[in-house]
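Here is the structure we will look at, set down as structure tokens.
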Amino acid sequence: MNLRWSWDGRTRDLFRWVDPQAWQETDGDPLAVLGRVGQARLEELDRDPAFKAFMAEVYSDLQRYLSSAFWFQNRTDSPLRSVAYFSPEFGISEAVPQYSGGLGVLAGDHLKAASDLGVPLVGVGLLYRQGYFRQSLDDDGWQRERFPDLDPHAMALRLVPGVRISVKLARQDLVAQVWRADVGRVRLYLLDSDVEENGPEEAGVTDRLYGGGTEHRLRQEILLGIGGVRALEALGEAPQVFHSNEGHAGFLGLERIRRLVVDQGLSFPEAVEAVRGASVFTTHTPVPAGIDRFPAELMEKYFSAWAKECGVGFDTLMDLGHEAGDEPAAPFNMAVMGLRLSGLANAVSKLHGRVSRSMFSSLWPEVPEDEVPITSVTNGVHSASWTSPEMSAFLTRHVLPAWSEAPASAWDRLDDVSDYELWRVREQTRDRLVSTVRERTRAAMQRRGVGPDDLAWTDDILDPRILTIGFARRFATYKRATLLMSDPGRLKALLTSPDRPVQMVFAGKAHPADDAGKELIREVVRFSADPEVRHRFAFVEDYDMAIARALTQGADVWLNTPRRPQEACGTSGLKASLNGGLNCSILDGWWDECFDGANGWAIASAEAEPDLVHRDATEAASLFALLEQHIVPLFYDRSDHVVPRRWVAKVRASLRSLGPFAAASRMVRDYVEEIYEPAAARADDLSRDDARRAKELSAWKTRVRQGWSAVVVRSVIPDEAGADLGGVRQVEAEVDLGTLTSDDVRVELIHGHVGHNDELSDTRRVAMAPARAAAGGASTFSGQFTCDATGRYGFTVRVVPSHPDLVWPEDMGFATWADRSR
């Protein structure tokens, strides 16, 4: 009942021992195995001293894991006590199918890594009685969806006794019960509306993940956000920091505001400041079309009572989800609300951070794009969940027993490993992938009624000795699964080469409403049915975590072909890298910051080309050139006819450079140190003494908003010295602050290179100090900087709000600039 078995090899070995055949048939689900095993087998195991001794060892190991001090427990000065992590989906194991793809698997890896590090975190989500859909293909290759009912009692879930919460859905009350999953040391709570107190419509709110229309999604998100906060209270959990994994859970902020207004008597602006202090928002969306938006009429239907209870007009609520310039009746943007109600916000890769700062820059209209207060924490993957047993044993021998926590210097030890040993690991995992594809293909064809005579060829699908390329992810048009199929003759030449053949394995689902994505699947499936290539080109149905493991562990090359910069992160490539797979990808997501020229290949990106057809053709040509001129020759370059030594050197370089980075433990440590701990300290500061500092911050912001239009930089006066390299420049600025004081602002001297259009780049900021009063009520500020670079160099002055409880100087979006740089 503790899902640690999903990533602990010894626990899995224990349940495999109970009944190896049942273990295989249930895809490694301990509860399902125990449901099949008979009394005679249990009595036989009870008489087996070796089994009982091993069981005792595994149980003792679990108890040590649950009680030991880990990384976080050694952070003795940490202000962090607890985090509540909200997500619409969690991918812990295929035995608990409450995920659709990358967002859920990332959330599951976040919980697992938090457990391994001892981080005090609880998860909050929904229990979908039909989960996400099961995929099948018809004879034409078109995706069909099945939604089998799931029995939570048959999963590693416990119903929390005596806990019921209710939320108001317009005029109807919805009641939900709460299930608990133990993910190592982390508690995951899942809300379930399928209870007898609800009518059919309310009971069906948690029917399917990402199912139904717009109103259904709104009702699910109300239960997740508002109901999730109420469930935590009913469970006795007292989170210090609230983390919303994407905007789906954003209504949690509205519930916390309501409670502060109703229960503690704070004004609405004061409650907003108190909530922001303890809130974290992570955006995973690099394109505006991927953001949840709800029509104003639906928002009024479901939230007019909330606005009345909080003592504000409905327009005030809508403003939380609107960008500058939006009409009052514009749809409510969940990502915008997430940013407005969070003190700290982050993207999921460095490139995605730049994209997000651009996409949401209108929320901070006077702030330069590169200073928009959205940081980034690049995703990672849970090493023990995604690394093959062979590769894990290899890394244990040659890096460190706890290799996922090893420093970069320990990974350098791979230079001393024999090529043969590393190559043998790659051969074993490729062989298992080939077996998996054969089994899955045969089973899928049997389900479609194909007879034994027509199944014989499936015994020869793929070859465990040849170069294998993997592509598995959601089938969305921007991911371009069919990029190589734009030139089928050239692709067939690669697949059928007599001397240096290539084979490809595809897997993935399209959203049920995405016909364009389904068409991509059909195109892949039709190509795979061609008798000329079907033994070298396969599509595996019903993509899940088990298929993902087989593919990322066994593929020699992991292919990623999004249109840059539309991939937020793309963690499947990180999984492949931990298994010795080499990435061949557009420089998008995490690969943009990690590609070093030696650890894989970068596909050229023609972003400046506005014609998508021409752009796709250009990038496909780049990919073909990489395959034909670099990747395939390198794989088959075997001077001793056994080991491709230059290929293995590249695998070694990939492991050495990406191993320390790819792990979710690195990601969660980054969240703790850069996000959670600052948020925790700020949450405590703003909430103590009846939220005194939140009230003061709210009053100060009101005063600054009212007085900011009068702030003017009257003049900027540099000294007469020349701008020689290494020279120090003195600068004075006369600033009229109107009704504000010098304590309310920070006057900054900004200096850097001057570009072709007289813009400043590579800038640095220096705080200017009040010097003296100036004529007409203005104040003079002075500062200095050093010209420490050659070429054109310049400076300017700006004024921004300043307060000890502002997370960022840019937080309010105000900045008054001097007329021009100098």
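Quick rundown of the values:
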| item | result |
| --- | --- |
| For residue 51, net neighbour charge (Lys/Arg +1, Asp/Glu -1) across residues whose Cβ lies under 15 Å away | -1 |
| Zero-based 5 Å bins, Cα pair distances in the range 326-397, whole percents | 3, 14, 17, 17, 11, 9, 7, 7, 7, 4, 2, 1, 0 |
| Within the range 358-444, GluC sites (Glu not before Pro) in DSSP loop having at most 15 other beta-carbon neighbours inside 10 Å | 366 |
| C-alpha center-to-center spacing [the range 350-426, the range 111-133] in angstrom | 21 Å |
| Counting all C-alpha pairs of the range 514-635, share separated by more than 22 Å (%) | 43 percent |
| Computed Rg/Rh of the range 696-822, alpha carbon atoms with Kirkwood Rh | 0.99 |
| Proximal charge balance of residue 742 [Cβ under 14 Å; K/R count +1, D/E count -1] | -3 |
| Cα pair distances in the range 350-471, grouped into 5 Å bins until the bin that holds the longest one, percent each | 2, 9, 12, 11, 10, 10, 10, 10, 10, 9, 5, 2, 1, 0, 0 |
| Carbon and sulfur %, accessible surface of the range 623-662 computed with the full protein complex present, 1.4 Å | 52 percent |
| Nearest-10 value in Å² for the accessible area of residue 497, using the 1.4 Å probe | 30 Å² |
| The range 187-255 and the range 693-745: distance between their alpha carbon centers, rounded to Å | 45 Å |
| Prolate/oblate/rounded call for the range 556-689, Cα gyration tensor, a/c under 1.5 rounded | oblate |
| Within the chain, helix-based [θ] at 222 nm, where runs of 4 or more DSSP H residues each add -39,500 (n - 2.57), nearest 500 | -11500 deg cm²/dmol |
| Distance histogram for the range 1-122 (every C-alpha pair counted, 5 angstrom bins, percent rounded to whole numbers) | 2, 10, 16, 18, 17, 14, 11, 7, 4, 1, 0 |
| For the range 738-801, fraction of C-alpha pairs farther apart than 13 Å, in % | 66 percent |
| Residue-normalised accessible area of the range 38-184, expressed per residue, 1.4 Å probe, Å² | 43 Å² |
| Under 14 Å, Cβ to Cβ, from residue 509 - net charge with Lys/Arg +1 and Asp/Glu -1 | 0 |
| Debye, to nearest 20: dipole size of the chain, +1 on Lys, Arg Cβ, -1 on Asp, Glu Cβ | 960 debye |
| Neighbour-limited loop hits for GluC sites (Glu not before Pro), the range 176-247 (at most 15 other Cβ within 10 Å; DSSP other than H, G, I, E, B) | 196, 197, 237 |
| Cβ charges +1 (Lys, Arg) and -1 (Asp, Glu), total dipole of the range 31-116, debye | 160 debye |
| Antiparallel bridge percentage (DSSP; both residues within the range 510-617; nearest 5) | 0 percent |
| Base-10 log of normalised Debye intensity for the range 153-296 (one unit scatterer per alpha-carbon) at q = 0.14, 0.18 Å⁻¹ | -0.75, -1.23 |
| Flagged links, alpha-carbon separation over 19 Å, of 350/650; 479/518; 301/695; 479/650 | 350/650; 301/695; 479/650 |
| Qualifying lysines (Cα of each under 16 Å from Cα of residue 308; at least 8 residues distant if same chain) | 168 |
| Carbon plus sulfur fraction of accessible area for the range 1-114, probe 1.4 Å, in percent | 52 percent |
| Surface share of carbon and sulfur [accessible, 1.4 angstrom probe, percent] for the range 266-338 | 54 percent |
| Charge-dipole axis of the chain as Lys and Arg at +1 and Asp and Glu at -1 on Cβ define it, positive-most pick from 269, 595, 797 | 595 |
| Radius ratio Rg over Rh of the range 135-185, counting only Cα atoms, Kirkwood formula for Rh | 1.20 |
| Under the span-like rule (Cα at least 15 Å along the axis, Kyte-Doolittle mean at least -1.0), DSSP H helices of the chain | 49-67, 102-117, 252-264, 296-310, 515-528, 612-626, 645-662 |
| Qualifying trypsin sites (Lys or Arg not before Pro) in the range 590-647, DSSP loop, other Cβ atoms within 10 Å at most 14 | 638 |
| Per residue value of the accessible surface for the range 200-315 (all protein chains in place, 1.4 Å probe), Å² | 34 Å² |
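The values are calculated or read from the model by the stated rules, or taken from the named source; none is laboratory data. Just so it is clear, the structure is predicted and the values come from calculations on it, not from any experiment. Note that each Cβ is placed from the backbone with ideal geometry, even for glycine, and that neighbours are counted across all protein chains shown. Surface accessibility is based on the protein's heavy atoms, side chains included, excluding ligands, DNA and RNA. Shrake-Rupley method; radii C 1.70, N 1.55, O 1.52, S 1.80 Å.
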